[in-house]
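The values are calculated or read from the model by the stated rules, or taken from the named source; none is laboratory data. Since the model is a prediction, treat every value here as computed from it, not as a measurement. Positions of Cβ are backbone-derived with ideal geometry, glycine not excepted, and every protein chain shown enters the neighbour counts.
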Amino acid sequence: MNPLVFTLKVTPPQRLDLSGLLPHLLNGKSSKDIAALEIGTTREKVTVGDLFRIRSGSADEIRFETGSERFDGIGQGLQGGRITVAGDVGINAGRRMTGGELIISGHAGPYAGSGMAGGRLEILGDAGDFLGGPREGEVNGMSGGLLLVRGTAGQRAGDRLRRGTILIEGDAGDWVGSRLIAGTLVVLGHVGANPGYLMRRGTIMLAKPPTLTPTFIDCGHFSSAFAAVFGRFLLAESRGAARLLRAPLRRFAGDMAVLGKGEIFVPA
Amino acid sequence: MRTITRNGVRIDETFAEAFPMRGTALIVTAPSKRWARQAAVTMTGFATSVIGCGVEAGIDSEVEARETPDGRPGVRVLIFAMSSNDLQTQLTNRVGQCVLTSPGSACFADLTAEDTLKIGDLLRYFGDGWQISKKFGGRHFWRIPVMDGEFLCEAATGLTKAAVGGGNLLICGADYDHTLRAAEAAVDAMNQVRDAIMPFPGGIVRSGSKVGSKYKALHASTNDAFCPTLRGAVKTELDDDIGCVLEIVIDGLTEAAVADAMRAGLAAIIKLGPRNGARRVSAGNYGGKLGPFHFHLKDLLP
């Protein structure tokens, strides 16, 4: 079945809220219905038809032929199906998604995968700050699913992560894994200052030796079948991550400033 | 009784009567084959019959390292019980006392089913608050810190209600040596069948039982009709040329697995022939009224 394709006709005149363009919301709608949907965020009214050329198809797969830094809320609330974006996106990409797959071939703004609970989000470029983190007033960040960033991530990636897996193949900024509740965060590149800041539980794996705060305590060599099982799971997604998990690991427990039941793994 | 003769071995036109059971499958791994086997042998020990052991358990097969979830050598174990509760209790006790305790071990579910049995979900409390839950790829594991590192245990495993227990072959030979040789050949062949185990020692039971006893306290007693030393004293099932009987009992995750195992065993016995092995093969039943599964020997012949 052919996917539903959106091609940008003109540069967006304002930030767009694309959270309404989801498979389960568009299924059964005609191109005309879709063209009439409002996607503006200012007093100036903007509809899908104003900005996009629509090639009708099954909404189970939605494809954006072009991206823009002004595409906010793309895949927000995704429940199933697949969305691909051939370009950059703005904030809140894949926020609170519970299933399906969202693939962004360019860069994503802040709060990508914010509070996501399931499904798979892959960003081939870089991600902004607060990857997977909670928005203002929310208690938890990401609570399930798989979040992959092939490029770098900004500051506080994985903030308040509760469950699920985040894998960053490039570098990550300061405070990676801040306030982690549980879940697993893997960074293959370098990380900034204070990784795992105030983490309670959960697992951070860092391929490049970080500078840890004194509130992380060396627990020595790590021996468990877990590394192998998790490595096999990640092998399908990232050879680099699988390589990290095949090598011997050293375990640091922390953050002792709080509960201290979290862990940071580094190559031994 | 009418018989069919194959390669000189007489096959009784009778059937094995089997019962529905609850079953599950696990993969136990360890850093080496030796310790994977050790954990599996320990957890399937004292599990020959539900009557006295609570469960019937055995090793289905060894699993190559490249096929296990953690890439270490493993052993696939099957466990059967008459009720889901019994199975849950025994599973927790056996994994907790025999696998958790075994050096370097890890324990994985190896049966996908709608119903589940808890493993790590109960054993995690051994971690005394230091246990770590990990969910990824649709699976849920518990990491429990232990003195050699960590015990990794899947949270739950599948429970099948379509398991079948009590498939059997009664192998009758001229003397002990010949009969044992046939029984061993049959067990070797049946061990190749997936999803089926022979829970008795080495797969073989020499003390087949009948229902009931002259003693009120006992529900089962020796199968006197097949005891060679009683042939003159009771209503015997034995021919004059039979001096020894050994039985193989089979439990399977499916009816087909039990049938396949019986078929493989029969083929091995028949191939061995009466000079080297058994002269006759029969099967145990209760007239067909107790168990819903009937495995007719004539349908399983090679």
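Name the residue, out of A:Gly118, A:Gly177, A:Gly125, that is crowded, with 21+ Cβ neighbours inside 10 Å and in the same structural domain as A:Pro248 (by TED's automatic domain parsing). After applying the criteria, what remains is A:Gly177.
Between A:Ala59, A:Ala86, A:Ala112, the distinction of being within 20 Å of A:Ile168 (Cβ to Cβ) and of a type in the set (A, V, I, L, M) belongs to A:Ala112 only. Just one of (1) within 11 Å of chain A (Cβ to nearest Cβ); (2) within 27 Å of the chain's Cα centre (by Cα) fails for B:Phe200. It is (1).
Which residue, of A:Met199, A:Met205, is over 21 Å from A:Asp126 (Cα atoms), buried (at least 20 other Cβ atoms within 10 Å of the Cβ) and within 14 Å of chain B (Cβ to nearest Cβ)? The conditions single out A:Met199.
Of the strands (runs of 3 or more DSSP E) lying entirely inside the range B:130-171, those containing at least 1 residues that are at the interface with chain A (Cβ under 7 Å from one of its Cβ atoms) and acidic (Asp, Glu) span B:149-154. The residue that is nearest to the chain's Cα centre (by Cα), counting only those in the range B:65-118 that are of a type in the set (D, E, K, R) and not in a helix (DSSP H, G or I), is B:Arg76. Tell me, yes or no, whether the range A:219-229 has at least one residue that is within 14 Å of another protein chain (Cβ to nearest Cβ), among the polar types (S, T, N, Q) and assigned to a loop (DSSP other than H, G, I, E, B). Yes: the range A:219-229 contains one or more residues that are within 14 Å of another protein chain (Cβ to nearest Cβ), among the polar types (S, T, N, Q) and assigned to a loop (DSSP other than H, G, I, E, B). Tell me whether the range B:137-155 contains one or more residues that are surrounded by fewer than 21 Cβ atoms within 10 Å (Cβ to Cβ), over 30 Å from B:Asp240 (Cβ atoms) and touching an Asp or Glu at 6+ places or on another chain (Cβ under 6 Å). The answer is yes, given that some residue of the range B:137-155 is surrounded by fewer than 21 Cβ atoms within 10 Å (Cβ to Cβ), over 30 Å from B:Asp240 (Cβ atoms) and touching an Asp or Glu at 6+ places or on another chain (Cβ under 6 Å).
Applying the criterion of at least 3 residues that are under 24 Å from A:Pro210 (Cα atoms) and in contact with a strand residue (DSSP E or B) (Cβ under 7 Å, 6 or more places away or on another chain) to the strands (runs of 3 or more DSSP E) found wholly in the range A:72-188 leaves A:143-149, A:163-168, A:184-187. Within the range A:162-184, residues that are facing another protein chain (nearest Cβ under 8 Å) sit with their Cβ atoms under 6 Å from residues that are basic (Lys, Arg) and part of a loop (DSSP other than H, G, I, E, B), at 6+ positions apart or across chains, in these pairs: A:Ala182/A:Arg162; A:Ala182/A:Arg201.
B:Val28 meets the conditions (1) more than 14 Å from chain A (Cβ to nearest Cβ); (2) assigned to a strand (DSSP E or B); (3) among the aliphatic types (A, V, I, L, M) in every case but one. The failed one is (1). Restricting attention to the range A:233-259, the residues that are free of Cβ contacts under 8 Å to residues at least 24 places away in the same chain, in a loop (DSSP other than H, G, I, E, B) and over 13 Å from A:His221 (Cβ atoms) total 1. Could we say that B:Ala259 is in contact (Cβ under 8 Å) with a residue 60 or more places away in the chain, closer than 24 Å to B:Thr160 by Cα and within 23 Å of the chain's Cα centre (by Cα) here? Spelling it out, B:Ala259 is indeed in contact (Cβ under 8 Å) with a residue 60 or more places away in the chain, closer than 24 Å to B:Thr160 by Cα and within 23 Å of the chain's Cα centre (by Cα).
Here A:Pro267 meets the list (1) more than 13 Å from every other protein chain (Cβ to nearest Cβ); (2) surrounded by fewer than 20 Cβ atoms within 10 Å (Cβ to Cβ); (3) under 26 Å from A:Ala108 (Cα atoms); (4) not hydrophobic (A, V, I, L, M, F, W, C) almost entirely, failing just condition (3). Could you check, for the range B:113-123, whether at least one of its residues is touching a Leu at 6+ places or on another chain (Cβ under 6 Å), within 30 Å of B:Lys210 (Cβ to Cβ) and in contact (Cβ under 8 Å) with a residue 40 or more places away in the chain? So far as the range B:113-123 goes, no, none of its residues is touching a Leu at 6+ places or on another chain (Cβ under 6 Å), within 30 Å of B:Lys210 (Cβ to Cβ) and in contact (Cβ under 8 Å) with a residue 40 or more places away in the chain. Scanning the range B:31-62 for residues that are over 17 Å from B:Gly96 (Cα atoms) and within 14 Å of chain A (Cβ to nearest Cβ) yields B:Pro31, B:Ser32.
Take the residues of the range B:83-129 that are of a type in the set (Gly, Ala, Ser) and closer than 27 Å to A:Ser143 by Cβ: which is nearest to the other protein chains (Cβ to nearest Cβ)? It comes out as B:Ala106.
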